[in-house]
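Working notes, structure below.
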Amino acid sequence: MHHVTLIPGDGIGPEITQAAVRVIEASGVAIAWDRQLAGMAAVEADGTPLPESTLASLRRTRLALKGPLTTPVGGGYRSVNVALRQEFDLFANVRPACSLAGTQSPFQNVDLVIVRENTEGLYAGVEHFIKAQGQTIAAESTAIVTRAGCERIIDYAFRYAEQNRRRKVTIVHKANILKCTSGLFLEIGREVAQRYPHIQCEERIVDACAMQLVMNPQQFDVLVTTNLFGDILSDLAAGLVGGLGLTAGANIGQEAAIFEPVHGSAPDLAGQNRANPTAMILAGVMLLDYLGETQAARRIEQAVRAVIEEGAWVTPDLKPGSTCTTLQMAEAIAAKLTSL
Ligand code: NAI
């Protein structure tokens, strides 16, 4: 029996979490879920976005399947996602984007993985307003980039490539302009690449990389980059393979890991049972892989692919006009599992 913290989250989170749990149960893997609150749901229940009970559960299980959490724009509390990544030192954010037959995307055969540094850069939270005569006249932000931080994320990307039979790592940077922060990342990238002579290494400036990703995404394999660039490029990559409803990510540290969809809480869909559960189910697949339940992970992946390709039980983001609900899509995937 595996013990995993389950954070349904905000907006569409509870709906897609119920769907993912249903599919994982159907795979036969025994998981004891410890349900906990975070984000807006926790503010409403406990008055704080990250309750001590949630942290205690995570310290115990060191593992979570997490739905999206709403973060107020501008003011309000600090992102709980960022806080969790820093608290558990989840330095590697691994976000695969892989084409699925049956989705409406201009691209086929995309199979890339973005490895994003998850604890430093402009997300370090070192920013402040400068005020004069009662007025905000400026805002300053400091990007923190350390040698140790660059080394461990770039080494993670090369090891990931090695272990997953991938052939190339692209280091994405902006060292032409950000000569210190991005410059250090690139310099260390070149050093680390020398330890992996059997894996091809290339460099791309982030803006050109964004253009190449939408011109010819098939040329990419593993991409490694700093926090903000990785956040933006991974949503772009989700768009290449059919949208945010389809892509999942893992936040990995030395001693803990949190699995989640790439998308947010989608307030425009909340409570309607219309959200696509695939991203959350694929986050569950990444969790099962991490737990060593690789057979169940492959079966769920296959069932998801089959249901999307057949197109009879898919949510409206995949088939406009469809009346299929989040849970009906999950049930179709669960039923497919039993026939595999
Ligand atoms: P979003 O990802 O929630 O939504 C963007 C668009 O994608 C919306 O049109 C939405 O309907 C659609 N979408 C997202 N997930 C979908 C799904 N499963 N099925 C079908 N369509 C889907 O991004 P948005 O609106 O910018 O953010 C909403 C909230 O989520 C914000 O408070 C933001 O901070 C938070 N957020 C949380 C994340 C996390 O917890 N890891 C990640 C990104 C955003």
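Among the residues of the stretch 300-318, those that are open to solvent by 60 Å² or more (accessible area, probe 1.4 Å), more than 21 Å from the chain's Cα centre (by Cα) and more than 16 Å from the ligand (Cβ to nearest atom) comprise Glu309, Glu310, Ala312. Tallying residues that are within 15 Å of the ligand (Cβ to nearest atom), among the hydrophobic types (A, V, I, L, M, F, W, C) and under 12 Å from Lys66 (Cβ atoms) within the stretch 1-40 yields 6. Before we move on, is Ala248 at pLDDT 95 or above and open to solvent by less than 40 Å² (accessible area, probe 1.4 Å)? Criteria met by Ala248. One residue is enough: does the stretch 204-221 have a residue meeting the conditions touching a residue at least 40 places away in the same chain (Cβ under 8 Å), over 25 Å from Ile144 (Cβ atoms), open to solvent by 20 Å² or more (accessible area, probe 1.4 Å) and in a helix (DSSP H, G or I)? There is at least one residue in the stretch 204-221 that is touching a residue at least 40 places away in the same chain (Cβ under 8 Å), over 25 Å from Ile144 (Cβ atoms), open to solvent by 20 Å² or more (accessible area, probe 1.4 Å) and in a helix (DSSP H, G or I). Restricting Val206, Val169, Val222 to those that are touching a His at 6+ places or on another chain (Cβ under 7 Å) and either modelled with pLDDT of 95 or more or not charged (D, E, K, R) (or both) reduces the list to Val206. In the stretch 156-166, the residue that is modelled with the lowest pLDDT out of those that are surrounded by fewer than 18 Cβ atoms within 10 Å (Cβ to Cβ) and part of a helix (DSSP H, G or I) is Gln163. Before we move on, is Arg85 within 15 Å of the ligand (Cβ to nearest atom), in the same structural domain as Tyr290 (by TED's automatic domain parsing) and part of a helix (DSSP H, G or I)? Spelling it out, Arg85 is indeed within 15 Å of the ligand (Cβ to nearest atom), in the same structural domain as Tyr290 (by TED's automatic domain parsing) and part of a helix (DSSP H, G or I). Residues that are among the hydroxyl-bearing types (Ser, Thr, Tyr) and open to solvent by 40 Å² or more (accessible area, probe 1.4 Å) within the stretch 99-133 comprise just one, Tyr123. If you check Val23, Val43, which single one turns out to be farther than 17 Å from Ile258 by Cβ, within 20 Å of the chain's Cα centre (by Cα) and assigned to a helix (DSSP H, G or I)? Selected residue: Val23, the only one of Val23, Val43 that is farther than 17 Å from Ile258 by Cβ, within 20 Å of the chain's Cα centre (by Cα) and assigned to a helix (DSSP H, G or I).
The values are calculated or read from the model by the stated rules, or taken from the named source; none is laboratory data. Values in this document were obtained by computation on a predicted structure and should not be read as measured data. Heads up, the Cβs are rebuilt from the backbone with ideal geometry, glycines too, and the neighbour counts pull from every protein chain shown. Each accessible area value is taken on the protein alone, full model and side chains, heavy atoms only, with ligands, DNA and RNA left out. Shrake-Rupley method; radii C 1.70, N 1.55, O 1.52, S 1.80 Å.
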